[in-house]
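The values are calculated or read from the model by the stated rules, or taken from the named source; none is laboratory data. Every value quoted in this text rests on a predicted model; they were computed, and no experiment measured them. A quick note on method: Cβ atoms are made from the backbone with ideal geometry, for glycine too, and the neighbour counts reach across all protein chains shown. The accessibility values were calculated without ligands, DNA or RNA, using every heavy atom of the protein model including side chains. Shrake-Rupley method; radii C 1.70, N 1.55, O 1.52, S 1.80 Å.
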Amino acid sequence: MPDTTPLADRLAALTSWHADWKGLRVAVLGLGVSGFSSADTLAELGAEVLVVAPNDSSDQAQLLPVIGVRLVTQKDLSDPPLELIQFDADVVVVSPGFAPHHPLVVWALSSRAAVWGDVELAWRVRDKVLGAKTGRPADWVLITGTNGKTTTTQLTAAMIAADDRSVAACGNIGLPVLDAVREPEGFDVFAVELSSHQLHYLPIEGPGALHPIASVCLNIEDDHLEWHGGADAYRRAKGRVYANTVVACVYNRADVATRLLVQEADVEDGCRAIGFGLSTPPVGDFGVVEDLLVDRAFLDHRAHRALELTTLDTLAASGLGADHLVEDVLAAAALARALGVAPDAIHLAAAAFRADHHRSEVVASRSGITWIDDSKATNPHAAKASLSAAGSVVWIVGGLFKGVDVAPLVDEVSRAVKVAVLIGADRQILREAFARHAPGIPVFEVDEPDTERVMPRAVTFAASVAESGDTVLLAPAAASFDQFADYGARGEAFARAVHDHLAGDTDGDHPIQPPAPTAG
């Protein structure tokens, strides 16, 4: 039954920036990027805000008194701080770093408070600034998936921008949605990348539920299992991206799990299921015909016609020629077309696009050997896509597997791997996988306690065994936090090591530029 308490009635009315937020008591768990953005927004709205974090050493912590927000620090958050209990919050906003089994989240769910995430808060206040072109709150398109989220979000935003609309790529991509909502110039569209963590905390009904114009789950493979508590919970979280979609639920024809998530979703009347894939598309889908990427969904007489969007040659010239990147382009195009973006704009955006650093990024080519940084391949599914596109590979692999079984990946890609170079804390898991599934592949292990020496040793060995026609590929299939600050720092360490080894003397089309040292 619906909650009819006075607090529930008040929270149900909080669906606008211009609603009465004054005096609402809100506790924010965490002081990372999204936690600070939540606290800053709520303070601006006039709420009484208390932030709970393990320490006060961050730059954000120093800013809280300036914006009128209290901070409670407690190194061990296995029990709620007394100040948090006494605060008697009306709402607890949970940062995505807090797993659902975290003691503070469990406590919050058992309290009288409503539990929100920062994305729900952003949806509730999305009307602060109206789009300059539309005169209404921004339309939202949602992007999730185990892999390819960031590239697809960037591509979607680029296609919308090429259609002369103001758009913000935000969410898990780096810019908090709440910061985008509060940008003074306003936006016509938000392309929102959502992690499974953010999706877990999203409601699928009620005043805080999102109603996106279009949504996509690009793919589903086991990931973040420790955070979610298992594969089923992870899939359920990903499936929330489709809830209440208005125009198009976009799914991957090659991934049955994504289609099933669409079938299970409760969507708006008239919403369509739109598939994408590398094959010739059936009516109502996006796909590839010879050299052309085509739309057979958003056009008249689609039973007998298709709209040309761009070409495989164009994508190859933009660094988007690998199969998994072509799929990202098709998914982004489907989202953009659901918004009415013109086919010409999609072609222009694809031609001008350049993929992010550390995403299948060629850092050098010398003596017939190509060096590729795909440090963003932080799980087996992403690494498989990268390996499939590379040919004969000297594979630098390893890190933290977060409870994911890497053995099936080793078995599947063994024919493409010439030599494996193992790095990271979970090397034993890799050793056992190679011994069981690919015993014929030579394995070199970087047993180096000094993290500054990990990549130089890995690169030196890779260079000693690589021959003309080979690709030395950093595709770790694992998280980076055992040895590096993040996947970006890992990729930068790889590129620096390659640069140092080759002494900057490249003769290919992609000379190495040594990246700046990672701060902190």
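Some observations on this one:
- Of all residues in segment 420-448, those being within 30 Å of the chain's Cα centre (by Cα), among the small types (G, A, S) and over 16 Å from F401 (Cβ atoms) number 0.
- Neighbours by Cβ (under 6 Å, 6+ apart or cross-chain): first from segment 329-344, of a type outside the set (A, V, I, L, M); second modelled with pLDDT of 95 or more: R337/D295; R337/F298; P343/L307; P343/L309
- Among residues of segment 135-147 being part of a loop (DSSP other than H, G, I, E, B) and under 19 Å from the mean Cα position of the chain (by Cα), the one that is farthest from L210 (Cα to Cα) is N147.
- Restricted to segment 294-310, and to residues there that are closer than 21 Å to T258 by Cα and assigned to a loop (DSSP other than H, G, I, E, B), the residue that is least open to solvent (accessible area, probe 1.4 Å) is A297.
- In summary, A39 fulfils each of the numbered conditions (1) farther than 20 Å from V177 by Cβ; (2) assigned to a helix (DSSP H, G or I); (3) under 29 Å from the mean Cα position of the chain (by Cα) with the single exception of condition (1).
- Of everything listed in (1) buried (at least 19 other Cβ atoms within 10 Å of the Cβ); (2) at pLDDT below 90; (3) in a loop (DSSP other than H, G, I, E, B); (4) not hydrophobic (A, V, I, L, M, F, W, C), the single unmet condition for P514 is (1).
- Note on segment 191-205: among residues that are open to solvent by 10 Å² or more (accessible area, probe 1.4 Å) and more than 14 Å from L121 (Cβ to Cβ), the one that is farthest from the chain's Cα centre (by Cα) is E205.
- Residue in segment 148-171 that is in a loop (DSSP other than H, G, I, E, B) and within 23 Å of H358 (Cα to Cα) present: yes
- Looking across segment 342-375, just one residue is basic (K, R) and open to solvent by less than 40 Å² (accessible area, probe 1.4 Å), and that is R359.
- Here P184 fulfils each of the conditions (1) out of contact with any Ser or Thr (no Cβ under 9 Å at 6 or more places or on another chain); (2) within 20 Å of G135 (Cα to Cα); (3) touching a residue at least 40 places away in the same chain (Cβ under 8 Å); (4) not in a loop (DSSP other than H, G, I, E, B) apart from (4).
- Residue in segment 311-326 that is hydroxyl-bearing (S, T, Y), assigned to a helix (DSSP H, G or I) and either out of contact with any Lys or Arg (no Cβ under 9 Å at 6 or more places or on another chain) or open to solvent by 20 Å² or more (accessible area, probe 1.4 Å) (or both) present: yes
- Test set (1) modelled with pLDDT under 95; (2) among the charged types (D, E, K, R); (3) surrounded by 17 or more Cβ atoms within 10 Å (Cβ to Cβ) - D59 fails condition number: (3)
- Residue match in segment 37-46 (condition: over 25 Å from S195 (Cβ atoms) and in contact with a Pro (Cβ under 8 Å, 6 or more places away or on another chain)): no
- Residue that is touching a Pro at 6+ places or on another chain (Cβ under 9 Å) and modelled with pLDDT under 95, where the choices are L31, L7, L11: L31
- Complete set of residues in segment 72-95 that are under 29 Å from the mean Cα position of the chain (by Cα) and under 21 Å from L45 (Cβ atoms): V91, V92, V93, V94, S95
- All helices (runs of 4 or more DSSP H) inside segment 81-128 with 1 or more residues being open to solvent by 50 Å² or more (accessible area, probe 1.4 Å) and at pLDDT 95 or above: 82-87, 103-110
- Every condition in (1) among the β-branched types (V, I, T); (2) out of contact with any Leu (no Cβ under 6 Å at 6 or more places or on another chain); (3) surrounded by 19 or more Cβ atoms within 10 Å (Cβ to Cβ) holds for V241 except the one numbered (2).
- For segment 281-311, the tally of residues that are of a type in the set (S, T, Y) and in contact with an Asp or Glu (Cβ under 7 Å, 6 or more places away or on another chain) stands at 1.
- Candidate set from segment 378-392 (those that are assigned to a loop (DSSP other than H, G, I, E, B) and closer than 24 Å to S464 by Cα); member that is least open to solvent (accessible area, probe 1.4 Å): A390
- Test result for G148, without any contact (Cβ under 8 Å) to a residue 60 or more places away in the chain and open to solvent by less than 20 Å² (accessible area, probe 1.4 Å): no
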